[in-house]
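Notes follow once the structure below has been shown.
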Amino acid sequence: MSKQFQFKLVLLGESAVGKSSLVLRFVKDQFDDYRESTIGAAFLTQTVTLEDQTTVKFEIWDTAGQERYKSLAPMYYRNANCAVVLYDITSSATLEKARNWIRELQRQADPSIVIALCGNKSDLAARRQVSEEEAKKYAEEEGLMWAETSAKTGDGVNEIFTAIAKKLPLTAPPPSARAGASRPGGRTGVDLNKQTTAQPGQEACNC
Amino acid sequence: MSAVETSAFRALLRPGDTVKVLLDAFAIPPGTDPTTGAPLPPADAVALLADAERVRRASEDARNRRLVAVVVHNEGSEEGSVFVFRARSTGKQLEQSDILRVFPVFGNLNISMAQIRRTTLMDSLRSGSLPQAAPGFLSLTITQDDAASISQTPLTLCTQQVETLRVLLTECKRLKELADAPPISTAPVLTTFSWLSPYTARRAPLPPLFSIPEDLRIARTPLHGRLSAAFAGQPGDDAGDVVRIRDEWIRVKARDEAGTGATRLSIRIGTFNVNGNLPSQDLSLWLGAQPLQPYQSQGIVTMAPALPPLLTDLGKIARSDFEEVMTPATAMTDNFQSPVSPDPSVISPLAGSTSILSLVSPTSPESSSSTVSSASATATSPQSSVPSSATSTSSTATLTTASSSEKPDLIVLGFQELDLSTEALLYANSTAREEAWMEAIYAALGQSKDSEKEKGKNKGGYVKLASKQLVGMLIIALVKTELRACFDQVQTAAAGTGIMGLMGNKGGTALRMRFTPPVASPSRSSSRNPSILSISSAQTTSTTATGAQSSKSVKLRKPGSTILTFVNSHLAAFDEMVDRRNADYAELTKRLRFELGTLGGESAGSELLFGDGEGADAVPPTPTASAGAPMPAGTTCGVFESDVTFWLGDLNYRIDAPDGDVRTILASDEWEDGRLETLVIYDQLKAAIRANKAFGTFQEGTLAHHPTYRFNAGLLKDELGYDLKRRPAWTDRVLWASNNFTRVQQTSYTGHPQYSISDHKPVSSDFTLNMDVFDLPTAEKSADRLYRQLRGLEDAHEDHNAHVSLKVLESSVDLGKIGHTKSVTKQVTVKNIGRIPCAYRLVPIDGESAPHPDWLKVEPMAALLLPDEIVQLTLTTTIDNNCAARLNTQNKELNCTLILHTIMGKDHFVAVTAEYVPTCFGTSLSRLTRLPGPIRTGGDLLSEERAINAPREIMRLINWMMSSSVRMDKVFVERADEDIIDTIRECLDTGVDFPFTPDEKEDKVPVAFGETLLRLLNSLPEPLVRADLQPQCVLQTSRDEAFEMLDAFEPAAVNVWISVTAFLHFVCQSSAEPEAKTLAVARLFAPVLLRDDAREVSPVGRRNFLLAFIRP
């Protein structure tokens, strides 16, 4: 019997660096050229199967990047096991924002959080403003994982999520992993799916 | 067969079930013999073979179209079933109820086919004008003889699709072979077809929606308040929430779609603690019936000699109370001409046509009118039972307007201390005294006790519906004889909370009953079901997006019922036992249970469930599924599982004000104006409701009558007759709680001081219940369809990544400038752009916050949207004094982010910004005196040393009013004009000069200035006389002592106090009636200047302190 794990992952980064696109590529293997800016926070799930047949289910919170919603972000990265902080390689300002997010996570998030720094839009290397060396050096200094990705082409997307899965503490599953498909934040020990099927009348109204 | 239909049917199926074959067929309706009109037997294959003409006619009527599908369920092993369902015209969604028959493919299922003779057909075609290419018709007959199967009558259909029918038969054969293969396990065959149950047991989810009303404590909580705890990034129990939102949506929509109008029921409720006495006075006044003896003269209440005379001491309040209610009915005295009967046992003939009810009816005629007419009034005409074309968008409309003297339909009386003997406590079920009181009740109603038995002679009278006694507590319900048939499922309950928490000296008895308005049938005489129901013509105001039924009026076949519950209770006594009373209430709400398990016999719902004219091929209902079906034995329900619950009795709540104060306020002329309003503030029951310690679900009308306890016939009484040893109190009360489907209107609530039977006075209250009438079968059908319409809503959680898609069109809202009084409203459009229904709710940012700040109101806080449906989220600013007090000292820029959580989906943010315009209202005295100028001009606060003596705003108001040419006669007397007040406030905040010149002839502006001053003082975060100083203030007995108290005030407060009281003194002195004006001013200003939020300081003392300064 293969092992199953479940982790909460949060995506952070400046507006328009491609957070939602990266998730869409990872979860559905799709890409939209024109995506509306996320005003809110979306919840998605995707499962990664490792070589030893261990499965890791990511419960992903894709958050709004706009500055005005920054105060809400802590509510979403609270209890997160891992964070993907995104910047756009064609804009050095977005790396600055990424540094701010990382500082905030190191200060306020769970101390054991696994942080990955991702340079997105690697397909636009011609307009590159952030060099690989610069970002990589920063990541090494801070002890972060680092990769460049392209949500458009799919380059590096699955790789970074798989790498995160491998880096997570797969020996001691977090308590939520036992609850099967339960949602993050569902109060501990409450299996929401079970509860649903136990609802009287629920069965009959599915008809 | 269109692709649309195929996919429509697929949509009807549960995931995992697939359609193998779909055959287009039609049914042959049962015809009538053309010559005799007698119904012909249902079409069978043999008959059809010879009657091709009938087949052809049937094939042309779209209503006969049927689809036959072979559906396969594959869960390990393959199982098949033949579905027969009604076809819809293109584009219409299929409903669950369109599935007419379901035949599991196994055992004795047999499908036979036969060709209908073409020659006969061709003959008939030749005579007609039909196209040459005549179609070949085939008949197919499905039979299933298995005794345990769900459908037994053979079904015969016809089709032209020869090839498809062949495929269908082949597929059935294959499935049958699979099913008939030697069983692998020993399980009985039927259990393996359990996947079919959702299609056949389609009524299963409905009973909770229409048979037992939702608990009133839940029904009265706004929808979002019933949802799970959740906040940003932390969804709660979404799966549970979606069921709550869905059920509420369906319940409201289904009833709405099935609505046919409205009905009314008038109820008179009485409560009386009789202190162990027997009835010795005519009860008609309390019961709202015509009195046995007339009142002798107008204005002065003198009871007839046959009754024990009123306490003379009470005459005064009796008169003043009585004059008030009598004013509209002064003409009544002319009607009372029957001779005075000296013997109470002799029942005098009913006098005149005006009922005593008009005494307690409100002055407004329509509020007391009842549509439930008596037998003498016009019976419900056939037209009124069928919704006419008149458009009535309001929820109720009245066709018949009865006079205000109409007798109540239902009388419910609660007695306490009926029997104070020890025996009664030990033998709790003695009913000896009930008989005596029943006799007195019947006498007061003008009928003899035995009239019940004399059928036919009791027209217009009452019969006892039920009663329940526990020791001294008795509850009796009487109903108009002609309405008796409308009430059923009458249940009783009792619980003791007295000695040891169990004995019946305290506790409650309760009645629960079902009221069903009758269906007025045009063909039937109205003698059995009299004209109780006045159905207004109402168009169903459905707003369903797909609303198949929204445009057609609903025919009433079996009306839905209303559950009425009445609790009569006697709670713990004594002033200080308020906690015990609250506990008794909580205990009774738990322990008063009605047994429902034996009610099934009375209901006859099931046969009507399918009365849709399709009886020939409708699925027979599952017995346990119908709403009217019997509940299992042992099913109980509480007092809140009701559409409306009345709670009456001697609740024993007292008045938490000093004894002397209570008596002074009740008796003194100085308190004549507003005496009851003042005392109500200190009422323990009102306080318990405010603090949600007891009766939080209930509401009570205004107490406009004197306390009903405790009266003493002996010497130890005050001038009003109240016992000197007991603080007077409103112990005897009537409260109610109802859901949104039942609108309760209280038309009277009063005590009856004329009675001297007991140390309590009886209390009565009249109610009119307005209930929507809806057709139960239609509502159940609608609910069924609505459930299907919401398909996917609760499944969405299984796949977080799909489908749920809500769009918020405005991601930010700027409310602009918002102020203390000016309410600003903006809307945000929310649209469901997904393919399945979805629901949203507002969630707070974290566990400590509210979903929105206190200065903003958002509606609706939770809602369900069908695909493409739009909801307007309305944001309204509400800034009260408390809120202003806080905002005045804060940053003017207000902003917040609303989080709209899509159930099973993402969170949407709506950023809200506003600019707060500060005001002097809600600003503390110390801050007002340190403002460098008018509050709007801003600037740094002055240092404390440089603070001004008194707020310039207060001084400006007083100075304007003190100018010589202002008329002060109407100030503090008349109602102020809100627009003028707004202008004055604006000038105070901006420093602009008042645009009003004092005018000797003008009253409106001074009145508005006076009101503005009062409101400004009342908006001070701290009362002008600080709460901690008030206890000392009330101890001062002379004017000099009162002035000495001022030394303890803050300097600014002293200045304001002196300015305001000097001004008020001037106003009182210069009045034409100085004493009256002084009392009016004191009444208004004492509760403001000496505001007592904790309700701990003597109201009489506070007023006297102010009077020391302002009395001329």
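The values are calculated or read from the model by the stated rules, or taken from the named source; none is laboratory data. Keep in mind the model is a prediction, meaning the values are calculated, not measured. Every residue, glycine as well, gets a Cβ built from its backbone with ideal geometry; the counts of neighbours run over all protein chains shown.
Scanning segment A:35-51 for residues that are facing chain B (nearest Cβ under 9 Å), more than 18 Å from B:E810 (Cβ to Cβ) and not hydrophobic (A, V, I, L, M, F, W, C) yields A:T45, A:Q46.
Taking segment A:56-77 as the range and being assigned to a helix (DSSP H, G or I) and closer than 19 Å to A:P169 by Cβ as the test, only A:Y77 passes.
Hey, could you check segment B:217-243 for residues that are assigned to a helix (DSSP H, G or I) and modelled with pLDDT under 85 and say which is nearest to the other protein chains (Cβ to nearest Cβ)? If we take residues in segment B:217-243 being assigned to a helix (DSSP H, G or I) and modelled with pLDDT under 85, then B:A239 is nearest to the other protein chains (Cβ to nearest Cβ). Annotation: B:I818 fulfils all but one of (1) within 33 Å of the chain's Cα centre (by Cα); (2) of a type outside the set (S, T, N, Q); (3) modelled with pLDDT of 90 or more; the unmet one is (1).
Inspect segment A:22-34 for any residue being within 23 Å of A:Q4 (Cβ to Cβ), within 9 Å of chain B (Cβ to nearest Cβ), in contact with a strand residue (DSSP E or B) (Cβ under 6 Å, 6 or more places away or on another chain) and not in a loop (DSSP other than H, G, I, E, B) and give the result as yes or no.
We begin by selecting, within segment A:22-34, every residue within 23 Å of A:Q4 (Cβ to Cβ); these are A:23, A:26-29.
From what's left, within 9 Å of chain B (Cβ to nearest Cβ): A:27-28.
Among the residues that remain, those that are also in contact with a strand residue (DSSP E or B) (Cβ under 6 Å, 6 or more places away or on another chain) are: A:27.
Now narrow it down to the ones that are not in a loop (DSSP other than H, G, I, E, B): A:27.
Yes - at least one qualifying residue is present in segment A:22-34.
In segment B:875-898, the count of residues that are in contact (Cβ under 8 Å) with a residue 12 or more places away in the chain, within 14 Å of chain A (Cβ to nearest Cβ) and closer than 25 Å to B:D247 by Cβ is zero. Considering the conditions (1) buried (at least 24 other Cβ atoms within 10 Å of the Cβ); (2) assigned to a loop (DSSP other than H, G, I, E, B), A:Q53 is excluded by exactly one of them, (1). Listed by first and then second residue, the pairs linking a residue in segment B:1041-1053 that is over 17 Å from B:P1031 (Cβ atoms) to a residue that is among the hydrophobic types (A, V, I, L, M, F, W, C) and part of a helix (DSSP H, G or I), with Cβ atoms under 6 Å apart and 6 or more places separating them unless they lie on different chains, are B:A1052/B:L925. Within segment B:951-968, the only residue that satisfies the criterion of being buried (at least 22 other Cβ atoms within 10 Å of the Cβ) and touching a Pro at 6+ places or on another chain (Cβ under 9 Å) is B:E953. Within segment A:56-64, is even one residue within 9 Å of another protein chain (Cβ to nearest Cβ) and among the hydrophobic types (A, V, I, L, M, F, W, C)? For segment A:56-64, residues within 9 Å of another protein chain (Cβ to nearest Cβ) and among the hydrophobic types (A, V, I, L, M, F, W, C): present. A single member of A:A98, A:A80 is buried (at least 23 other Cβ atoms within 10 Å of the Cβ), at pLDDT below 95 and outside any strand (DSSP E or B), and it is A:A80. Only one of the listed residues (B:A616, B:A627, B:A604) is at pLDDT below 50, within 24 Å of the chain's Cα centre (by Cα) and over 24 Å from B:Q416 (Cα atoms). That residue is B:A627. The residues of segment B:19-64 that are part of a loop (DSSP other than H, G, I, E, B), under 21 Å from B:L168 (Cα atoms) and at pLDDT below 70 amount to a single one, B:D44.
Determine which member of the set A:A93, A:A16 is surrounded by fewer than 23 Cβ atoms within 10 Å (Cβ to Cβ), more than 10 Å from chain B (Cβ to nearest Cβ), in contact (Cβ under 8 Å) with a residue 24 or more places away in the chain and assigned to a helix (DSSP H, G or I).
After ruling out the rest, the residue left standing is A:A93.
Checking each residue of segment B:914-926 against the condition of being hydrophobic (A, V, I, L, M, F, W, C) and within 14 Å of chain A (Cβ to nearest Cβ) gives no match.
Among the residues in segment B:906-921, are any acidic (D, E), more than 30 Å from B:R785 (Cβ to Cβ) and over 34 Å from the mean Cα position of the chain (by Cα)? Yes, there is a match, as at least one residue in segment B:906-921 is acidic (D, E), more than 30 Å from B:R785 (Cβ to Cβ) and over 34 Å from the mean Cα position of the chain (by Cα).
Segment B:1026-1112 holds helices (runs of 4 or more DSSP H) entirely within its bounds, and those carrying 1 or more residues that are of a type in the set (D, E, K, R) map to B:1039-1045, B:1074-1089, B:1099-1110.
Scanning segment B:686-709 for residues that are of a type in the set (G, A, S) and farther than 23 Å from B:A219 by Cβ yields B:A687, B:A704.
For B:V871, are the conditions met, namely being more than 14 Å from chain A (Cβ to nearest Cβ) and out of contact with any Gly (no Cβ under 7 Å at 6 or more places or on another chain)? It is true that B:V871 is more than 14 Å from chain A (Cβ to nearest Cβ) and out of contact with any Gly (no Cβ under 7 Å at 6 or more places or on another chain).
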